1. Which of the residue pairs Lys45/Lys66; Lys18/Lys93; Lys45/Lys72 have a Cα-Cα distance greater than 23 Å in the structure shown?
2. Along segment 16-23, what does the Karplus equation 6.51 cos²θ - 1.76 cosθ + 1.60 (θ = phi - 60°) give for ³J(HN,Hα), rounded to whole Hz, x for Gly and Pro?
3. Express in nm, to one decimal, how much length is gained between Glu80 and Met1 on full extension, taking 0.36 nm for each residue of separation and deducting their alpha carbon distance.
4. Compute the semi-axes of the equivalent ellipsoid of segment 4-115, taking the square root of 5 times each eigenvalue of the Cα gyration tensor, and list them largest first in whole Å.
5. For segment 44-113, what does the relative contact order come out to in percent, with C-alpha contacts under 8 Å and a separation of six or more?
6. What nm distance separates the two modelled labels at Arg9 and Tyr42, each placed 7 Å from Cα along Cα→Cβ?
Amino acid sequence: MRTYSELIRIPSFEERLKYAYIGGGVAELTFGCHRYLNQRFYESKEWESIRRQVILRDDGGDLGCKDRPIFKGIIIHHLEPITIDDIINMTDKVIDPDNLICVSFETHNFIHYGIVENRIPHKERAPNDQCPWKL
């Protein structure tokens, strides 16, 4: 069972990515055509509150790495996937901070679908790196 407590002891982003890797698909064995159940929950005040706590705890860093800030679209990922029963019965797994981590959209897609070894390496930002006419 993957947990935030274990993940934060892992020093590098790449090793954390391997730890979090699921390699399957979103909702294959979890929600399928019942996706509306978890989507309704993700609009709740309870989720909004725990989401905010996790973002603050992780300082908005990808997989909790402070040197990898997420500038757009922070996703709160369940390290251990939740099921229909978890949502219906509101088990601890759904809102347990030890089961939640901040990830970027790209990282989330790699955790679920990608091959970890082929991940595009992180490139450090540089002044004017998005202004080609100033390079």
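1. The answer is Lys45/Lys66.
2. Listing the rounded values in order: 5, 4, 5, 4, 7, 4, 9, x Hz.
3. 27.8 nm
4. Equivalent ellipsoid semi-axes, largest first: 22, 16, 12 Å.
5. With pairs under 8 Å counted, the relative contact order is 36 percent.
6. In this crude spin-label approximation the distance works out to 3.1 nm.
Each reported figure results from applying straightforward, stated rules to the coordinates on display, with no laboratory input. This structure is a prediction, so every number in the text was calculated from the model and none was measured. Every residue, glycine as well, gets a Cβ built from its backbone with ideal geometry; the counts of neighbours run over all protein chains shown.
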